[in-house]
Amino acid sequence: KVVHYLKDYQAPDFAVADINLTFSLEDAYATVLNRMTVVPRQADKPCVLDGSAELLQIVLNGKSLCPHEYAVADEKLIIHAVPDSEFVLEITTKLYPAQNKTLMGLYESGDNLYTQNEPEGFRKITYYFDRPDVMSQFTTTIIGDKQRYPVMLSNGNLIDSGELDNGRHWVCWRDPFAKPSYLFALVAGQLAVLEGSFTTRSGKEVALKFYTRPEDRAKAGFALESLKHAMQWDEDRFNLEYDLNIFMVVAVSDFNMGAMENKGLNIFNTKYVLASSDTATDADFEAIEGVIGHEYFHNWTGNRVTCRDWFQLSLKEGLTVFRDQEFSADRASRAVRRIHNVRVLRSMQFAEDAGPMAHPVRPASYEEMNNFYTLTVYEKGAEVVRMYHTLLGEAGFQKGMQLYFQRHDGQAVTCDDFRAAMADANGVNLEQFALWYSQAGTPQIKAHGEYDAGNRTFSLHLQQYIPPTPDMADKQPMVIPVKVGLLGRDGTSVVFRLADTDAVVEETVLVFNQAQQTFVFHDVAQEVVPSLLRGFSAPVRLDYPYSDADLMLLLAHDSDSFARWEAAQTLYRRAVAANVVALEANQPAPHHAELAEAITAALNADIDPAYKAVLLQVPTEAELWEDAQSINPELYVRARQALLQDLAASMEDTLTHWRTWADTQEQNSKHAAPQEYHPDLAGVRSLRNILLQWGVQASAQVLQTIASEYTQRATNMTHEFGMLSAINHLSDDKRDELLNQFAQRHAHDDLVMDKYFVLIGSSQRADTLQQVQAALQHPAFSLENPNKVRSLLGSFSRNIQHFHAADGSGYRFIAEHILRIDGFNPQVASRLVQAFNLYGRLEPQRKALMAEQLQRIQQHEGLSKDSREIVDKILR
Ligand code: HT7
Ligand code: ZN
């Protein structure tokens, strides 16, 4: 096995002044002529290019090379002798896109051709220095049949086109911006286009073009509008303007991830482009806005300034996730969006950080780069960027961004360059902050405080601990921004003064950067309850010995909406923990009357419906077993379920009241089209849907209500999917009837069928595994389509009850399908392998059953290096 290390980085030996690609698209194959001007940066270095495509010819300075003049092995082409000064290399390769099921490089989907080159797909197309620090200007000519490929696209501007004999035509695209190979894209086929335009602040008119299958064109309107919002927002908030005359988005249904930011030619999973309110939920609309923003924002943070090497991936991804999160928050519901992001981070990234795949935001090594598009690089990376923002403020952060672009536009740089720009622009020292990039594991803070009435001080004692991870045992204290406010016993905000200042404030950001530290708040007029880590100011776990009464006070009165929500989460966590203890001892789960009262009061308060909805979210199992070892997953499902049932039973009237209220709100909405997506209506519907889920726990009657209202409400997908989700776990035949109806009605709609497969894969019903097995045979299902695999098998692998079934059937089933998928799409297979990440923390019986399946995967002949890296790490 080959391990790549950050410490081994060496600058490239060759630069590429320009690259001209000519693609000839034939019936069953394509040929690619790659003509590049190569500039040696040092004398006497062998010319080593990356590549794995079928090689037809190599011509150096006009002379065809004989086989003894080069060698091809291990995805490398070595040309033994090249001139010391600039030379022209022409390489011809032959590709078979219809046979390429990896969905990397050039591949076929439907009858069209698409590319995906990040991180190392370009080497499947031609031989090249396939690394992000080799940047060049690309000119691309595409020749193809006019009927089969009426649309032929690549990066940059269309500079020429023409007709050929035999019904063929050609186009030539030129991208004026130097870019690495991973940002190259090509699309060819029969596509409809939805057009719009945007005028930048300097008056440039940019043509916006969304390419879809003809039948999907009408569903691209929301994405087009989202793009305009994103372009405007990047000008307003980051002072960043678009730089080409055209911006294209192409939607494809076979795609390994969400979307790809190729320069001027973004390629998107259809899931993040197509929407109408009868086929997409409000959450889908929000995801589209976020992903469209994310890929657009990469034009500056990723494309204009790119990564020196793949270890620096978070330089572009962490920063761009931060930017897309801020875009969405500025568009609507900042508090709810923040809570949503924190929830994802805590239930998924914290788990990654506590498991076999734990790695720093800037990994120190990798075997397969595709395995490092992780929650840590993306989501924790975004939290790291957010901490610069919290420490420096909006103005300071923007000064840092400005300096970053001033220094590095057109370059391939590192996370240290970004940190230096933030530090230098603000005249601050951020040396210790570098640890956020090199130390894995979620820091834990133990806190306690005391009030001194005589001195009118409140002292907050903080202690930090960074747990060991497989890559590193001993860690250094990090810089942790802790945003704090104080509440009096009556719930009012209590002002204070910090030592060495005269300013009396309500809130502050403590810079906690030692193993232990005490912060003293002066002039504190009364006994207080601290509100800590407001806004989730750092990606850490914080433990403060609050009493339940303290938490209820914070839940009722904290002015910080994150901290208020967090108080409810802690109360839920404590209640489930009590249930776990009872169930383990074969006792009935206790009744949580005070918690029901506190949640009822919060629900009855005058707050935004979307915020009420998130208050009703009980932490996921992954959050609940955060601290645990020897985990019995089923116990957590039962304990969580028992809490939901208990609370729902106590709150039945309140639940019904607010559900009726939500209905009236939607009916009497001031919006002309209440069925359509709008943030206000989305909030109301999300409240209604979670109330429905709680309602089903409280009373069997809710199923009847759903059944009788179903047809009338099912014209809106948020309602339809909400109703089906609420009843999805019930063993009643009505559930099957409605689900079957749903599948029949939407059989022609690929993306809606994904929702059907999610419902099947995530149900808690006893017959779920059989239903999943049957769904594999459904005509709409295909193992070759990543969206389908994620919907059915991905959701089953997250189905705690069934994946972790005590007889090992869930582990066996997923392992079997991993091996089937690994043979043609290793990227998708290795994602599924990560379902086994909990291995080391399971109780002994399940651990043994999981070990059997992990060994089966490990011993599989021809296993991809993608899956091998993960399985080896789990079992090590
Ligand atoms: N930069 C992209 C990451 C990516 C990718 C996209 C599609 C298919 C395979 C891929 N491998 C890596 C997506 C993004 O973060 O914007
Ligand atoms: Zn990205």
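The values are calculated or read from the model by the stated rules, or taken from the named source; none is laboratory data. Nothing here was measured: the structure is a model prediction, and the numbers come from that model. Neighbour counts are summed over all protein chains in view; Cβ atoms, including those assigned to glycine, are modelled from backbone coordinates with ideal geometry.
A few points about this structure:
- Flag: Pro97 matches the condition of being within 18 Å of Gly189 (Cβ to Cβ), more than 13 Å from ligand 1 (Cβ to nearest atom) and in the same structural domain as Ile143 (by TED's automatic domain parsing).
- Of all residues in the stretch 256-270, those satisfying the criterion of being more than 14 Å from ligand 2 (Cβ to nearest atom) and either part of a loop (DSSP other than H, G, I, E, B) or crowded, with 24+ Cβ neighbours inside 10 Å (or both) are Gly264, Leu265.
- Among residues that are among the polar types (S, T, N, Q) and surrounded by 15 or more Cβ atoms within 10 Å (Cβ to Cβ), Asn689 is included.
- With a requirement of 1 or more residues that are free of Cβ contacts under 8 Å to residues at least 40 places away in the same chain and within 26 Å of Gly393 (Cα to Cα), the strands (runs of 3 or more DSSP E) lying completely within the stretch 405-510 that satisfy it span 496-498.
- Search result, residues across the stretch 38-49 that are surrounded by fewer than 20 Cβ atoms within 10 Å (Cβ to Cβ) and closer than 30 Å to Pro97 by Cα: Val48
- In this structure, Met387 does not satisfy being of a type outside the set (Lys, Arg), over 30 Å from Gly488 (Cα atoms) and surrounded by 18 or more Cβ atoms within 10 Å (Cβ to Cβ).
- Scanning the stretch 327-344 for residues that are more than 16 Å from ligand 1 (Cβ to nearest atom) and assigned to a helix (DSSP H, G or I) yields Ala329, Asp330, Arg331, Arg334, Ala335, Val336, Arg337, Arg338, Ile339, His340, Val342, Arg343.
- Inspection of the stretch 244-252 identifies no residue that is away from ligand 2 (no atom under 16 Å from the Cβ) and in a helix (DSSP H, G or I).
- Some residue of the stretch 771-781 being surrounded by 21 or more Cβ atoms within 10 Å (Cβ to Cβ) and of a type in the set (S, T, N, Q): no
- No other residue among Gln853, Gln845, Gln834 is closer than 23 Å to Tyr636 by Cβ, touching a Phe, Trp or Tyr at 6+ places or on another chain (Cβ under 7 Å) and not acidic (Asp, Glu) apart from Gln853.
- For the residues Val344, Val361, Val336, the requirement of being hydrophobic (A, V, I, L, M, F, W, C) and either in contact with a strand residue (DSSP E or B) (Cβ under 6 Å, 6 or more places away or on another chain) or closer than 30 Å to Gly410 by Cβ (or both) singles out Val361.
- Those strands (runs of 3 or more DSSP E) of the stretch 1-104 in which 2 or more residues are aromatic (Phe, Trp, Tyr) occupy 14-25.
- Residues being free of Cβ contacts under 8 Å to residues at least 60 places away in the same chain and either over 21 Å from Trp173 (Cβ atoms) or charged (D, E, K, R) (or both) - total across the stretch 201-232: 17
- Boolean, His389 is closer than 18 Å to Gly290 by Cα, part of a helix (DSSP H, G or I) and touching a residue at least 24 places away in the same chain (Cβ under 8 Å): no
- The residues of the stretch 427-478 that are farther than 25 Å from Gly840 by Cβ and of a type in the set (Asp, Glu), listed by number, are Glu431, Glu450, Asp452.
- Condition check for Val509 on (1) surrounded by 19 or more Cβ atoms within 10 Å (Cβ to Cβ); (2) within 35 Å of the chain's Cα centre (by Cα): one failure, at (1).
- Contact map, the stretch 308-337: residues that are free of Cβ contacts under 8 Å to residues at least 24 places away in the same chain paired with residues that are within 14 Å of ligand 2 (Cβ to nearest atom), Cβ distance under 7 Å, separation 6+ or inter-chain. Pairs shown: Lys316/His298; Lys316/Thr301; Lys316/Gly302; Lys316/Thr306; Lys316/Cys307; Arg337/Gln325.
- From Tyr107, Tyr70, residue being at pLDDT 95 or above and crowded, with 21+ Cβ neighbours inside 10 Å: Tyr107
Rundown of residues vs (1) under 31 Å from the mean Cα position of the chain (by Cα); (2) in contact (Cβ under 8 Å) with a residue 60 or more places away in the chain; (3) surrounded by fewer than 23 Cβ atoms within 10 Å (Cβ to Cβ), yes/no style:
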| residue | (1), (2), (3) |
| --- | --- |
| Thr115 | yes, yes, no |
| Gly121 | yes, yes, no |
| Lys124 | yes, yes, no |
| Tyr128 | yes, yes, no |
| Thr139 | no, yes, yes |
| Lys146 | no, no, yes |
| Pro150 | no, no, yes |
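- Residue satisfying all of: in the stretch 297-323; of a type in the set (S, T, N, Q) and closer than 22 Å to Gln349 by Cα; nearest to ligand 1 (Cβ to nearest atom) among these: Thr320
- Restricting attention to the stretch 286-301, the residues that are free of Cβ contacts under 8 Å to residues at least 60 places away in the same chain and outside any strand (DSSP E or B) add up to 7.
- Which numbered condition Phe238 fails, given (1) out of contact with any Lys or Arg (no Cβ under 8 Å at 6 or more places or on another chain); (2) away from ligand 2 (no atom under 14 Å from the Cβ); (3) over 27 Å from Tyr756 (Cβ atoms): (1)
To keep it simple, each residue is scored yes or no on (1) more than 15 Å from ligand 1 (Cβ to nearest atom); (2) modelled with pLDDT of 95 or more; (3) more than 20 Å from Phe322 (Cα to Cα).
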{"residue": "Gly203", "(1), (2), (3)": "yes, yes, yes"}
{"residue": "Ala207", "(1), (2), (3)": "yes, yes, yes"}
{"residue": "Phe222", "(1), (2), (3)": "yes, yes, yes"}
{"residue": "Ala230", "(1), (2), (3)": "no, yes, no"}
{"residue": "Trp233", "(1), (2), (3)": "yes, yes, no"}
{"residue": "Glu241", "(1), (2), (3)": "yes, yes, no"}
{"residue": "Met248", "(1), (2), (3)": "yes, yes, yes"}
{"residue": "Asn269", "(1), (2), (3)": "no, yes, yes"}
{"residue": "Tyr272", "(1), (2), (3)": "no, yes, no"}
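- Scan of the stretch 97-152 for residues that are within 23 Å of Gly410 (Cα to Cα) and of a type in the set (Ser, Thr, Tyr), ordered by number: Tyr128, Ser136, Thr139, Thr140
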